[in-house]
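The values are calculated or read from the model by the stated rules, or taken from the named source; none is laboratory data. None of these values were measured; they are calculated from a predicted model. Virtual Cβ from ideal backbone geometry, glycine too; neighbours counted across all protein chains shown. The accessibility values were calculated without ligands, DNA or RNA, using every heavy atom of the protein model including side chains. Shrake-Rupley method; radii C 1.70, N 1.55, O 1.52, S 1.80 Å.
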There are 4 protein chains.
Amino acid sequence: MNVNQMNINEDMKIIDIIDEFSASGVLGAGRVGRSCELLANMISQDDMKVFLSVAGPLVPGGLRNVISTMIKRGHIDVLITSGANITHDLLESFGGSHYREYGFDDEKLNEAGMGRIGDVYTKSDDFEVFEKEIITFFDKITKSIAKKNFNDPKSCDKHNIISIKDFLYEIGLLIEDENSILKVAAENNVPIFAPGLIDSMFGLQLWMFTQENNLVIDAIADMHDLSDIVFDSDAVGAVILGGGLPKHYCLASNLLKGGVDAAIQITMDRSETGSLSGAPLEEAKSWSKAKCGSNLVSVIGDVTIIFPLIYAAALNKINK
Amino acid sequence: MNVNQMNINEDMKIIDIIDEFSASGVLGAGRVGRSCELLANMISQDDMKVFLSVAGPLVPGGLRNVISTMIKRGHIDVLITSGANITHDLLESFGGSHYREYGFDDEKLNEAGMGRIGDVYTKSDDFEVFEKEIITFFDKITKSIAKKNFNDPKSCDKHNIISIKDFLYEIGLLIEDENSILKVAAENNVPIFAPGLIDSMFGLQLWMFTQENNLVIDAIADMHDLSDIVFDSDAVGAVILGGGLPKHYCLASNLLKGGVDAAIQITMDRSETGSLSGAPLEEAKSWSKAKCGSNLVSVIGDVTIIFPLIYAAALNKINK
Amino acid sequence: MNVNQMNINEDMKIIDIIDEFSASGVLGAGRVGRSCELLANMISQDDMKVFLSVAGPLVPGGLRNVISTMIKRGHIDVLITSGANITHDLLESFGGSHYREYGFDDEKLNEAGMGRIGDVYTKSDDFEVFEKEIITFFDKITKSIAKKNFNDPKSCDKHNIISIKDFLYEIGLLIEDENSILKVAAENNVPIFAPGLIDSMFGLQLWMFTQENNLVIDAIADMHDLSDIVFDSDAVGAVILGGGLPKHYCLASNLLKGGVDAAIQITMDRSETGSLSGAPLEEAKSWSKAKCGSNLVSVIGDVTIIFPLIYAAALNKINK
Amino acid sequence: MNVNQMNINEDMKIIDIIDEFSASGVLGAGRVGRSCELLANMISQDDMKVFLSVAGPLVPGGLRNVISTMIKRGHIDVLITSGANITHDLLESFGGSHYREYGFDDEKLNEAGMGRIGDVYTKSDDFEVFEKEIITFFDKITKSIAKKNFNDPKSCDKHNIISIKDFLYEIGLLIEDENSILKVAAENNVPIFAPGLIDSMFGLQLWMFTQENNLVIDAIADMHDLSDIVFDSDAVGAVILGGGLPKHYCLASNLLKGGVDAAIQITMDRSETGSLSGAPLEEAKSWSKAKCGSNLVSVIGDVTIIFPLIYAAALNKINK
């Protein structure tokens, strides 16, 4: 097959440039073309459950509404995320924001109460609101569990236990912000798995809450529910943004069915260190985490550039 | 200051080449020289607790004994690790091994029962032994907890709860392999924190065990113990190999004391995506996870090359 | 300033998603937004000469027509390129093509007469045509120079000397393919500088030709012409795709005017090795290769994805 | 084969840790072990010519004496380098130096007359000396060529032509600094090829000199001499530090013999862009630039760390 030279003009839609990428078919552009094609197929295929795995600063990086949109439109069946994205989604849900153009003097930023994530910033005021609000949520949820189990929340003889997924569902029901990923997921019954939830500002608040309250987060209960979803699926397609624990959790959960049927990953990590984050998706075949013959596409690039691009084009393909 | 050109000869010790790196003082060599200097200082400084954070395939990559040695020699006070390294440490503890030179045909590897991690391989036979053995450990530990709490392990009214750190300690006591990181850590009272433990083959076995047994892993209890360690430390130095959840957990735990006093990281990840794994250590200052004025050195490189090198040289420095 | 969360829908034009990137303004998306804005400005600004520097497999990677289009539309004033892109442009000019999906068994490819560049392929048949045709061009040009200088081409007492730029201009005039970068550049009087031209298949043919013919390529004459262009420019904007020798040549040529007034670079190389290819554009300010206060934007990404995207959006901006 | 866990102690020589790397045999450490083994073999093999290809800031980065040492000890037969390393070697030869720890404010550095290369610095004073001195060298050499050809150097009817390699040889003879790469190469009859020489501060001086003097650098004459060396070699081994034009030139020159017989590369560039700098050495087999069955090892890492390390260990191996 030939590489068709790309043609560019001033009136192009995203789908047009993706078509040019596919016609060329090689290097980065080729990968983007193929990932878009596969994403559209994954979403369109009725019997395929789509697992979206999210690591890295996607909410701070502007992708909050992209993920919410995917959920609202029924394009995601399962969300697997880092605790950080949960925290940042809540930050915005409680009226806070993410900021830009505050420079790179980290000591000055510290004095000004600003945290830096690359060239994105948070403000301590927003975190103060977050901390106040989230504790009221924890309180409501703890009381609700206790009530369900006829437990006295002040007693230490009995424990109020809840899985991470169910906990995030309850949080989602309490949020008012229509753009919140957690809210939209709860409303649309899209379960959120966050195996590393403890390791986030959210987790810090949770810990502080447990100093004085009776709440136990069951770290392994989610594996029951996630394996049920995998078992009940005819096919599973994974969309992996970044790497980390979410990527591993996403792929490993599919072990029980012999692996995912299709997968896309977008990463800037490299493969030579052997680290999973940069590992080619093909490696997952050796672990039965991707089926032999599965359609796998990796794009090397920044998620904030590549994913909105391929999702927008996939939306266009789906509508036709 | 000048860049001193490096001089190489055939009789060099590691400390000699590190000295040449330091005399040059620039680019990668300069970073390696500075990280070695800092590592030696961290270890030598009596009132500094050293936190070692480990992500990526370090046990499969040959660093198992390096970490054990650090623990035996009292050079690490706290270990924070991914679940994968726990799994791979246990694999070798139960008589298994890691392998090499089995090619890159992932579908053939799958048929042969081999899993690939870069150019490292595992065999399903070893995992079968691991699975049998680890269940006996889970069983012993569950019974032991139950006994402590006067609980009937078969009853579902009461729960046997244990933190991840304590659980890994108990596992460590049961291991016989003298080179096991878990065993050596337990024997030397070096706590192991693994916030993402559930997400590993070990976590999978744990989950399957809980289907039929009464065991609850408390995902947030460790934060009490880790914060106590931080509070009781005059100073904390972090050695961060790779990134991921362990890096975040390591740095975040030091928030309560205004941040680490020194840190070294070795990573191949880049900073432009904003992801924590590739973030410069300086960024942590904005979050009070590294103190203003703290000594921070990043080396861009493969951990399996850089860390043995700087630890060996640091050992030499310490002995003088 | 806030990070505005990006909104995606199925009818988006490229300019729409670039606007979303700019509204978010951070991480990779922010850089793409800013580079597009700057590219549009560079092209629109009447008194600014645009230097396009090209390294890496851009012609094999599908960008041949993108570059030709830029030249035809008067968006480039100077092209600085690697010898490889010249070679590959000629390959297609003589009826050849670039291919895809031939696998990664380099020994088999060698036997089949195919050369691999990532996942792009060339065929030896195309190179055979190229070799025959290019020699006829060399011959015509040599005779033409000789005639101009009243020289006897067979005599070794006198030398036929030509600069690389002028040589490529002459080649361009002989090409018939309307999409050829060399042809379009010659027709539009856009000079092509290729300081590393010798180091390419084209250079190999040139060398073999000089074994039997009297032709001398003056390697430094181009610096006169390029410095004249810089001197005569009110302002210079550089668009740097990839790095290498073209990047250095592009920036260094502007030394004489205190540096470029604006620059964009798209690269996957990193900065920590100190290598120019991955160096941040800001570093050029220390060398007076970029003016203090110049507008500089780097995008970390694959050129085949990023450049068509930002040029398409810039075309749209320019038309408004 | 097994991965042998590495053992570290305080008395290790470089050869000891390289042996540990080889015993482990995987990931980065495995590559370093293999590259060291291969380097020692390349140097020891009597009938193998070693081509060292150098790109990136190696002289500023402290490797000047490493390269000189290789030449003095007869471990390199051909040096292929960027113009930058020639410039920086001359800078030090004329009494200048490279500096460190001057910060990253590029505008301030510009005002202070300092150029930045990562975290390495140059001073304008040193460049002023370089400019004065190098012109005297150009003058001497031009007169010498003229004398050889019975030409009047002031006449423009006849041209004084010299190849880059011969020009660098002549420069080397005029240098006094015993540590100069150019001097040591000239004294030891190791030819230096620098196909991109024009593109450097040295090239800028050369150009300015030609404004007023009769000197023509023949850009393609070197290909005769380099191809003669390749033809006369029983075997060729390439050591490729960084990538760029030197890498291409080094590999391409071996086309005529079916490719190199062995090669090592150390790079931080990645392969997915298709750019040659990050391309795996295996790709060269498809182009007959590496022989089928040739021994090829790539190390992903910073040259200033990896190369002194493997050369020091190779020296030790050779001495046994």
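Determine which single condition D:Cys292 fails, assuming it passes every other condition in (1) touching a Leu at 6+ places or on another chain (Cβ under 8 Å); (2) surrounded by fewer than 22 Cβ atoms within 10 Å (Cβ to Cβ); (3) not small (Gly, Ala, Ser).
(1)
So which residues in segment B:65-91 are among the charged types (D, E, K, R) and open to solvent by 10 Å² or more (accessible area, probe 1.4 Å)?
Those that are among the charged types (D, E, K, R) and open to solvent by 10 Å² or more (accessible area, probe 1.4 Å): B:Lys72, B:Arg73, B:Asp77.
Could you run through segment A:1-57 and say how many residues are within 30 Å of B:His248 (Cβ to Cβ) and either of a type in the set (Phe, Trp, Tyr) or in contact with a Leu (Cβ under 6 Å, 6 or more places away or on another chain) (or both)?
Qualifying residue count, segment A:1-57: 3.
I'd like to verify a number: residues in segment A:48-62 that are within 14 Å of chain C (Cβ to nearest Cβ), of a type outside the set (Gly, Ala, Ser) and more than 14 Å from A:Ile240 (Cβ to Cβ), how many?
3
Before we move on, is C:Gly113 on the phi > 0 side of the Ramachandran plot and either out of contact with any Asp or Glu (no Cβ under 8 Å at 6 or more places or on another chain) or within 10 Å of chain D (Cβ to nearest Cβ) (or both)?
yes
Which one of D:Lys183, D:Lys148, D:Lys132 is basic (Lys, Arg) and closer than 29 Å to C:Asn254 by Cβ?
Just one listed residue meets the conditions, D:Lys132.
Of everything in segment C:102-117, what is open to solvent by 30 Å² or more (accessible area, probe 1.4 Å) and either of a type in the set (A, V, I, L, M) or in contact (Cβ under 8 Å) with a residue 12 or more places away in the chain (or both)? Give them in sequence order.
Result: C:Tyr102, C:Phe104, C:Ala112.
So A:Leu255 clears everything in (1) modelled with pLDDT of 95 or more; (2) open to solvent by 10 Å² or more (accessible area, probe 1.4 Å) except one condition, right? Which one?
Tallying (1) modelled with pLDDT of 95 or more; (2) open to solvent by 10 Å² or more (accessible area, probe 1.4 Å), A:Leu255 fails exactly one: (1).
Would you check which residues across segment C:201-242 are part of a helix (DSSP H, G or I), surrounded by fewer than 22 Cβ atoms within 10 Å (Cβ to Cβ) and acidic (Asp, Glu) and list them?
Result: C:Glu212, C:Asp225, C:Asp228, C:Asp232.
Considering only segment D:30-39, state which residues are farther than 12 Å from D:Ile15 by Cα and open to solvent by less than 30 Å² (accessible area, probe 1.4 Å). Outline the logic, then answer.
Here is the first cut: in segment D:30-39, the ones farther than 12 Å from D:Ile15 by Cα are D:30-31, D:34-35, D:38-39.
D:Gly30, D:Ser35, D:Leu38, D:Leu39 - these are the residues of segment D:30-39 that are farther than 12 Å from D:Ile15 by Cα and open to solvent by less than 30 Å² (accessible area, probe 1.4 Å).
So if I check each of C:Glu282, C:Glu272, which one is farther than 23 Å from C:Lys49 by Cα and open to solvent by 20 Å² or more (accessible area, probe 1.4 Å)?
Values: C:Glu282 fails: farther than 23 Å from C:Lys49 by Cα.
Being farther than 23 Å from C:Lys49 by Cα and open to solvent by 20 Å² or more (accessible area, probe 1.4 Å) holds for just one of C:Glu282, C:Glu272, which is C:Glu272.
Among the candidates B:Asp269, B:Asp232, single out the residue that is charged (D, E, K, R) and at the interface with chain A (Cβ under 9 Å from one of its Cβ atoms).
Numbers: B:Asp232 fails: at the interface with chain A (Cβ under 9 Å from one of its Cβ atoms).
Only one candidate passes the filter, namely B:Asp269.
In segment A:118-140, which residue that is in contact (Cβ under 8 Å) with a residue 40 or more places away in the chain and open to solvent by less than 20 Å² (accessible area, probe 1.4 Å) is farthest from A:Gly62 (Cα to Cα)?
Across segment A:118-140, the extreme among qualifying residues is A:Phe138.
Here is a yes/no grid of residues against (1) under 21 Å from the mean Cα position of the chain (by Cα); (2) more than 10 Å from chain A (Cβ to nearest Cβ); (3) under 17 Å from A:Ile306 (Cβ atoms):
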{"site": "C:Met1", "(1), (2), (3)": "no, no, no"}
{"site": "C:Ile14", "(1), (2), (3)": "no, no, yes"}
{"site": "C:Ile17", "(1), (2), (3)": "no, no, yes"}
{"site": "C:Val26", "(1), (2), (3)": "no, no, yes"}
{"site": "C:Cys36", "(1), (2), (3)": "yes, yes, yes"}
{"site": "C:Asp46", "(1), (2), (3)": "no, yes, no"}
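Looking only at segment B:267-293, which residues are over 14 Å from A:Ala84 (Cβ atoms), of a type outside the set (A, V, I, L, M, F, W, C) and in contact with a Gly (Cβ under 8 Å, 6 or more places away or on another chain)?
Scanning segment B:267-293 gives B:Thr267, B:Asp269, B:Arg270, B:Ser271, B:Glu272, B:Gly278, B:Lys285, B:Ser286, B:Ser288, B:Lys291.
Looking at (1) open to solvent by 20 Å² or more (accessible area, probe 1.4 Å); (2) more than 7 Å from every other protein chain (Cβ to nearest Cβ); (3) not in a helix (DSSP H, G or I), find the lone condition where B:Asn9 falls short.
Result: B:Asn9 fails condition (2) only.
Could you pull out every one of the helices (runs of 4 or more DSSP H) wholly within segment C:17-106 that has 3 or more residues that are closer than 18 Å to A:Gly301 by Cβ?
Helices (runs of 4 or more DSSP H) meeting the threshold: C:27-44.
Quick one: which residue in A:Gly30, A:Gly103 is at pLDDT 95 or above, farther than 29 Å from A:Glu131 by Cα and among the small types (Gly, Ala, Ser)?
From the options A:Gly30, A:Gly103, the qualifying one is A:Gly30.
Within segment B:265-278, identify whether any single residue is more than 23 Å from A:Pro195 (Cβ to Cβ), among the hydrophobic types (A, V, I, L, M, F, W, C) and in contact (Cβ under 8 Å) with a residue 60 or more places away in the chain, and answer yes or no.
The answer is yes; a qualifying residue exists.
Between B:Asp47, B:Asp77, B:Asp119, which is touching a Pro at 6+ places or on another chain (Cβ under 9 Å) and modelled with pLDDT of 95 or more?
Details: B:Asp47 fails: touching a Pro at 6+ places or on another chain (Cβ under 9 Å); B:Asp119 fails: touching a Pro at 6+ places or on another chain (Cβ under 9 Å).
Answer to the check: B:Asp77.
Report the residue count in segment B:80-99 for those that are touching a Pro at 6+ places or on another chain (Cβ under 7 Å), closer than 20 Å to B:Ala112 by Cβ and more than 11 Å from chain D (Cβ to nearest Cβ).
Matching residues across segment B:80-99 total 0.
Condition first: more than 10 Å from every other protein chain (Cβ to nearest Cβ) and not β-branched (Val, Ile, Thr). Now tell me which residues in segment C:63-72 satisfy that.
Matches in segment C:63-72: C:Lys72 only.
Restricting attention to segment B:284-302, which residues are part of a helix (DSSP H, G or I), in contact (Cβ under 8 Å) with a residue 12 or more places away in the chain and within 7 Å of another protein chain (Cβ to nearest Cβ)? First the steps, then the outcome.
Step one: list which residues in segment B:284-302 are part of a helix (DSSP H, G or I), which gives B:284-286.
If we keep only those that are in contact (Cβ under 8 Å) with a residue 12 or more places away in the chain as well, we get B:284-285.
Matches in segment B:284-302: B:Lys285 only.
Answer with yes or no whether A:Gly259 is in contact with a helix residue (DSSP H, G or I) (Cβ under 9 Å, 6 or more places away or on another chain) and touching a residue at least 40 places away in the same chain (Cβ under 8 Å).
no
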